[in-house]
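Before any comments, here is the structure.
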Amino acid sequence: MVQQLVGRQDVTFGRHRLRAFLDVPESAAGLVIFAHGSGSSRHSQRNQYVAAGLNRSAMATLLVDLLTPQEEMDRRNVFDVGLLAGRLREAAEWAGTVEPLATLPLGYFGASTGAAAAIIAASMPDDRAAAIVSRGGRPDLAGADALSRVRAPTLLIVGSLDQEVLGLNHNARSYMTAPTELAVVPGASHLFEEPGTLDQVIRLADHWFGSHLKGEAK
């Protein structure tokens with residue numbers, strides 16, 4: 001359990017000096033690293049809302065900017081899911097060096113293109129992620145090979161009104177060999193802006209991480 005670092009901290013880490021918000025509740029049972037979508041950041045109100053919900057269920061969260069401000073100026077970097085996956089791994093490796101966090105089971109939460117980054121990171125042989133949740137994600141961008149290599153149980157959450165992305169998630173799921181579920185949130189569009197839809201995302205993600213991370217605690 002985490003005995004220190006309780007509360008919110010603005011942290012900078014890694015060789016690329018990545019910025020992140022780290023929130024650690026008392027007696028944290030796991031750590032969820034957020035990979036944001038294109039045009040978003042650790043300041044995303046939606047991801048902060050979801051993270052706060054997970055914090056209430058004893059999950060520590062790390063909302064990290066996977067690109068530096070200079071890199072974000074080149075739009076090609078924003079959609080380079082391989083680059084983003086490498087930075088997500090950098091965040092996971094950093095967490096593994098911080099003694100209170102190192103013993104927590106790890107999960108990834110990816111939104112939009114961040115979902116592809118999470119899939120690619122989790123597909124690497126030595127990755128320690130024990131669960132993945134995608135919100136309105138594009139796991140298809142990770143490619144069939146990465147999708148098939150993922151071993152972490154994966155939950156794909158898509159809004160019922162987001163028909164194009166829903167079809168892409170169905171297709172991506174067909175390549176996955178890990179335990180995978182597709183949850184469709186009624187009345188939700190791509191950004192889950194409709195009242196109550198993000199609360200449904202929190203409930204789904206909380207149950208998924210609670211099931212697959214808390215049982216992995218060391």
Exercise. How about the range 120-143: which of its residues are surrounded by 24 or more Cβ atoms within 10 Å (Cβ to Cβ), part of a helix (DSSP H, G or I) and either out of contact with any strand residue (DSSP E or B) (no Cβ under 7 Å at 6 or more places or on another chain) or among the charged types (D, E, K, R) (or both)?
Worked result: Ile120, Ala142
For this session: Output the residues belonging to the range 116-148 that are charged (D, E, K, R) and more than 28 Å from Ala102 (Cβ to Cβ).
Result: Arg138, Asp140, Asp145
Exercise. Can you tell me which residues in the range 162-183 are of a type outside the set (Phe, Trp, Tyr) and surrounded by 16 or more Cβ atoms within 10 Å (Cβ to Cβ)?
Worked result: Asp162, Val165, Leu166, Leu168, Asn169, Ala172, Arg173, Met176, Ala178, Thr180, Ala183
Problem set entry | Positions within the range 93-118 being in a helix (DSSP H, G or I) and either in contact with a Cys (Cβ under 7 Å, 6 or more places away or on another chain) or free of Cβ contacts under 8 Å to residues at least 40 places away in the same chain (or both), in sequence order | Glu99, Ala102, Ala116
Problem set entry | Subset of the range 65-91 that is of a type outside the set (Asp, Glu) and outside any helix (DSSP H, G or I) - its residue that is farthest from Leu147 (Cα to Cα) | Met73
Problem set entry | Filter result for Arg128 (among the basic types (Lys, Arg), within 18 Å of the chain's Cα centre (by Cα) and closer than 15 Å to Ala205 by Cβ) | no
Exercise. Consider Leu213 against the criteria (1) out of contact with any Lys or Arg (no Cβ under 9 Å at 6 or more places or on another chain); (2) at pLDDT 95 or above; (3) surrounded by 17 or more Cβ atoms within 10 Å (Cβ to Cβ): it satisfies all of them except one. Which criterion is unmet?
Worked result: (2)
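When residues of the range 165-218 are filtered for being in a helix (DSSP H, G or I) and acidic (Asp, Glu), how many remain?
3
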Exercise. Restricting attention to the range 29-64, and to residues there that are in a loop (DSSP other than H, G, I, E, B) and buried (at least 23 other Cβ atoms within 10 Å of the Cβ), which single residue is modelled with the highest pLDDT?
Worked result: His36
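The values are calculated or read from the model by the stated rules, or taken from the named source; none is laboratory data. Source: prediction; values computed, not measured. Cβ atoms come from the backbone with ideal geometry, glycine included; neighbour counts cover every protein chain shown.
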